[in-house]
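> The structure follows.
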Amino acid sequence: MPRPATNRRARSAPRLRACLGAGILMAASTGCAAGAQSTDTLHKLDVAGIERSYRLYAPAKAVKRASANGPPLPLMIVLHGGLGNAQSIEDTSGMDQVADDGGFVVAYPNGTEGLGRMQGRRTWNAGRCCGIASRENVDDVGFIEQLISEIANQYPIDRTRVYAVGISNGGMLAYRLACEIPDRLAAAVAIAGTLAIPSCPSSNSVAFLHIHGDADRNIPLQGGRGSRGLARVDHRSVADSISALTKNRDCETSEKSLPNGDRETTYTCHKGAPVEVLILSGASHGWPGAGGRKGAESSFPASQAAWDFVRSHQSHRSEPKPTSD
């Protein structure tokens, strides 16, 4: 599997605006010209009176095709880890480049910002973790639901092909989204994050990939408190998380050891979407393949692998398209 290529998006590109009702997208000043560049913009969203924000990356060629009566675009939601933010995960994950090649829109939401010395560091309410978001019971599930609707109202999004991938605390939220809004997601991917809510009985329709390093000392493979963990939470093990996810799916499993020492388990389910677990040999706590970032020693291209896994999955429910006044 190829590694994600160097991010080559255009930071100074003109932003695209939706012509609601007409169903087409136009550049702010010049229309959808053949030379239009990809957009990378910051957006704000009011969620129950609280201002939330997210970054959005829209590959120009894909948007142009979809706007010209082509097939609508998949949406990938990328969730940063605890103490991270939207900009940092966009910069390190390489997902924009995968989106250029795969033809999908990427949203990078921001979690809840901490106070005092924790300003600029953000967390998600994934259940029992993490930080201020969990302590204050922030409705991050509602935020993501509203984010999906807003983006789908502005861009030609295929609502049956909405996906989520997250790292660490963001991976925990990916689990929670699969469990609590399975009608909004077709597939989800958790990287170095486990299930942080008590149960997950309703996720059968959501395909799921879990990627975890066997040398992770923040959220250990076997669960519990990691020696490098900052959340002071007893984490579920990967095995227990997958057990909760597949409990009602009636799955058969197959395991495979790869030549590089990685281990792959596939769950083929009779009453639900498939589940896969990939354990990376020697990898610690980080986004694998994230440009040599400390803590992500594995060169495994996680962003490309996430897209390769989710791309073929569609949900069975979608919202009606918005109508113009």
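Just so it is clear, none of the values below were taken in a lab; they were calculated from the coordinates. Since the structure is predicted, the reported quantities are computational estimates derived from the model, not experimental observations. Reconstructed Cβ throughout: ideal geometry from the backbone, glycine too, with neighbour counts over all protein chains shown.
> Once the piece of chain linking Asn153 and Asp91 is laid out straight, how much longer is it, given 0.36 nm per residue of separation minus the C-alpha distance between them? Numbers along the way, then the final one.
Values: separation 62, 0.36 × 62 = 22.32 nm, distance 2.61 nm.
Going from the current span to full extension adds 19.7 nm.
> Another question, if that's okay. What do you get for Rg/Rh over segment 155-262 if you use C-alpha atoms and the Kirkwood form of Rh? Write down the numbers at each step before the final one.
Numbers: Rg = 14.4 Å, Rh = 14.5 Å.
Result: Rg/Rh = 0.99.
> Glu136 versus Gln119, label points 7 Å from Cα toward the beta carbon: distance in nm?
1.4 nm
> Here is a follow-up. What are the aspartates and glutamates whose alpha-carbon lies under 13 Å from the alpha-carbon of Lys256, with same-chain residues fewer than 8 places away excluded?
Hits, sequence-local ones excluded: Glu264, Glu276.
> Further, regarding this structure: Please give me, ordered by residue number, the trypsin sites (Lys or Arg not before Pro) of segment 244-286 that lie in loop per DSSP and have at most 12 other Cβ atoms within 10 Å. Don't skip to the end; give the middle numbers.
Values: sites: Lys247, Arg249, Lys256, Arg263, Lys271; in loops: Lys247, Arg249, Lys271.
Passing sites in segment 244-286 are Lys271.
> Counting Lys +1, Arg +1, Asp -1, Glu -1, what net charge surrounds Gly229 among other residues with beta carbon under 12 Å of its beta carbon? Could you put the intermediate results ahead of the total?
Values: positive: Arg217, Arg225, Arg228, Arg232; negative: Asp216, Asp234.
Residues near Gly229 contribute +2 overall.
> Now, a different point. What spacing in nm lies between the two simple spin-label points modelled at Ser257 and Lys61, each 7 Å away from Cα in the Cβ direction?
The two pseudo-label positions are separated by 4.2 nm.
> In addition: Among His270, His285, what is the fewest-to-most ranking by other Cβ atoms within 10 Å? List each step's numbers first, then the result.
Values: His270 8, His285 23.
Sorted ascending by nearby Cβ count, the order is His270, His285.
> What list do you get for Ser284, Ser199 if you sort them by fewest beta carbons within 10 Å? Let's see the in-between values first.
Working: Ser284 19, Ser199 10.
Ordered by Cβ neighbours within 10 Å, fewest first: Ser199, Ser284.
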